[in-house]
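Notes follow once the structure below has been shown.
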């Protein structure tokens with residue numbers, strides 16, 4: 001089992017850069033993703049995601065780790081053609097005692113090119129919260145997974161995953177495009193399970209005068225049921 | 001391992017103003033460590049040419065010359081094999097050997113349009129009859145027979161012995177609403193010889 005030292009080094013350098021941001025504190029996004037086939041047609045995906053902010057001295061009056069919010073997302077999908085899936089669901093966000101709702105629609109497909117697996121995901125979502133105008137987004141994400149060794153990722157092997165997502169967003173009369181980049185190191189500990197750790201960078205305000213960058217340490221566990 | 005996890009949590013507790021939900025999330029993030037204890041049944045990984053049987057190295061050098069070769073070792077419960085993947089004359093080859101270096105087969109990646117017309121017709125007719133929908137995702141011409149014979153055939157030299165050509169087809173199929181990827185083996189005339197389901201790891205991490 002070879003651990004890619006170069007990847008970990010790059011990640012540490014990036015996270016050090018994260019810590020130097022003053023106005024946009026990052027932290028860690030921890031997610032658990034459960035997938036269950038309810039029938040040959042219907043699949044259900046449940047995702048629990050929590051954010052923990054890393055506050056540094058100088059960036060805020062507080063410092064240390066601070067719990068920010070949790071999301072519960074439920075998506076049901078059915079086949080759409082031979083190799084694609086379409087679906088929809090609901091996301092519930094709990095933040096500072098307030099509940100927000102998000103409706104989600106998505107179409108996704110995965111293609112294999114030798115050892116490289118490429119996923120395309122098209123999403124639309126509409127978010128509603130009391131006291132705030134609704135937010136509408138269109139999202140496109142391309143992601144790729146490459147095993148460290150061989151043609152496929154076997155059990156107890158590592159892989160790289162990279163993703164790039166574009167999120168045109170409309171809230172009231174304000175339009176913006178958020179861009180996300182993800183670079184993670186993945187590991188398959190058992191059949192169907194995947195553990196991922198890496199950097200999730202999110203740039204917002206790309207159409208505005210000032211942009212803000214948030215960097216997160218993303219930790220994910222994909223669990224088949 | 002359990003002690004190690006709690007030491008981490010205790011240290012976090014003593015040094016940082018961390019809330020209970022964050023502590024719980026950190027504890028849950030440590031849980032997958034137990035999965036590391038699970039056994040592994042199948043594995044494919046790169047190996048250096050010095051780790052190979054001499055026969056395998058010699059066959060590839062004789063047949064394909066000095067082209068760059070990636071060697072893989074495939075282990076499973078019944079043993080192991082070696083596979084050489086290479087490009088030669090702009091074609092992608094995969095050469096498989098048993099654990100002693102004896103040639104098992106040579107596979108050449110091709111497009112459906114490169115199939116002989118009659119064979120292609122037979123394969124397409126089978127797919128249309130057997131499934132509601134089917135799409136070929138990968139196609140390989142598979143050569144098997146005596147090593148010297150295959151080497152000559154690949155190099156388009158005069159061949160004085162018999163060898164066999166099969167076609168290995170990977171297809172995504174749908175039947176009665178169920179979608180299954182298959183690996184299908186056809187003979188030179190397009191008659192189905194065998195079929196096995198391809199078990200692929202879920203792509204949840206590329207979709208959600």
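Contact annotation: residue pairs with Cβ atoms under 6 Å, 6 or more positions apart or on different chains, pairing a residue in the stretch B:172-200 that is farther than 18 Å from residue A:109 by Cβ and in the same structural domain as residue B:140 (by TED's automatic domain parsing) with a partner that is assigned to a loop (DSSP other than H, G, I, E, B) and at pLDDT 90 or above, are B:175/B:131; B:175/B:132; B:193/B:187.
Of the residues A:117, A:156, A:152, only one is facing chain B (nearest Cβ under 9 Å), touching a residue at least 40 places away in the same chain (Cβ under 8 Å), surrounded by 14 or more Cβ atoms within 10 Å (Cβ to Cβ) and under 30 Å from residue B:139 (Cα atoms); which? Reasoning before the result, please.
Numbers: A:117 fails: touching a residue at least 40 places away in the same chain (Cβ under 8 Å); A:152 fails: touching a residue at least 40 places away in the same chain (Cβ under 8 Å).
A:156 is the lone residue from the list that is facing chain B (nearest Cβ under 9 Å), touching a residue at least 40 places away in the same chain (Cβ under 8 Å), surrounded by 14 or more Cβ atoms within 10 Å (Cβ to Cβ) and under 30 Å from residue B:139 (Cα atoms).
Limited to the stretch A:98-114, what total is found for residues that are out of contact with any strand residue (DSSP E or B) (no Cβ under 6 Å at 6 or more places or on another chain) and either closer than 16 Å to residue A:84 by Cβ or part of a strand (DSSP E or B) (or both)? Of the residues in that region, 4 qualify.
Selection of first residues in the stretch B:146-166 that are without any contact (Cβ under 8 Å) to a residue 24 or more places away in the chain and of second residues that are surrounded by fewer than 12 Cβ atoms within 10 Å (Cβ to Cβ), restricted to Cβ pairs under 6 Å at least 6 apart or on distinct chains, gives the following pairs, ordered by first then second residue: B:146/B:161; B:149/B:161. Only one of the listed residues (B:57, B:120) is out of contact with any strand residue (DSSP E or B) (no Cβ under 8 Å at 6 or more places or on another chain) and more than 30 Å from residue B:174 (Cα to Cα). That residue is B:57. Here A:170, A:146 are screened, and the one residue that is assigned to a strand (DSSP E or B) and over 21 Å from residue A:200 (Cβ atoms) is A:170. Among the residues of the stretch A:188-201, the ones that are in a strand (DSSP E or B) and at the interface with chain B (Cβ under 9 Å from one of its Cβ atoms) come to 3 in all.
When the stretch A:85-100 is limited to residues that are modelled with pLDDT of 85 or more and surrounded by fewer than 15 Cβ atoms within 10 Å (Cβ to Cβ), the one that is nearest to the other protein chains (Cβ to nearest Cβ) turns out to be A:94.
Within the stretch A:30-49, the presence of at least one residue that is closer than 17 Å to residue A:102 by Cα, facing another protein chain (nearest Cβ under 7 Å) and crowded, with 16+ Cβ neighbours inside 10 Å is confirmed.
Could you please find all residues in the stretch B:81-120 being assigned to a helix (DSSP H, G or I) and touching a residue at least 40 places away in the same chain (Cβ under 8 Å)? Explain how you work it out, then say what you get.
Kept after step one, since they are assigned to a helix (DSSP H, G or I), are these residues of the stretch B:81-120: B:112-114, B:117-120.
Selection gives B:118, B:119, B:120.
When the criteria are applied in full, residue A:222 fails the requirement of being within 14 Å of chain B (Cβ to nearest Cβ), surrounded by 18 or more Cβ atoms within 10 Å (Cβ to Cβ), within 30 Å of residue B:85 (Cα to Cα) and at pLDDT 90 or above. With respect to the conditions (1) within 12 Å of another protein chain (Cβ to nearest Cβ); (2) surrounded by 13 or more Cβ atoms within 10 Å (Cβ to Cβ); (3) modelled with pLDDT of 85 or more, residue A:72 lacks only one, and its number is (1). Number of residues in the stretch A:161-187 that are within 14 Å of chain B (Cβ to nearest Cβ) and either surrounded by fewer than 19 Cβ atoms within 10 Å (Cβ to Cβ) or in contact with a helix residue (DSSP H, G or I) (Cβ under 6 Å, 6 or more places away or on another chain) (or both): the value is 5.
For the stretch B:169-200, a tally of residues being surrounded by fewer than 17 Cβ atoms within 10 Å (Cβ to Cβ), within 14 Å of chain A (Cβ to nearest Cβ) and either on the phi > 0 side of the Ramachandran plot or part of a strand (DSSP E or B) (or both) returns 8. Hey, does the stretch B:124-141 have a residue that's over 23 Å from the mean Cα position of the chain (by Cα), surrounded by 16 or more Cβ atoms within 10 Å (Cβ to Cβ) and within 14 Å of another protein chain (Cβ to nearest Cβ)? Yes, there is a match, as at least one residue in the stretch B:124-141 is over 23 Å from the mean Cα position of the chain (by Cα), surrounded by 16 or more Cβ atoms within 10 Å (Cβ to Cβ) and within 14 Å of another protein chain (Cβ to nearest Cβ).
The values are calculated or read from the model by the stated rules, or taken from the named source; none is laboratory data. Every value quoted in this text rests on a predicted model; they were computed, and no experiment measured them. Don't worry about glycine lacking a Cβ; one is built from the backbone with ideal geometry, like all the others, and counts go over all protein chains shown.
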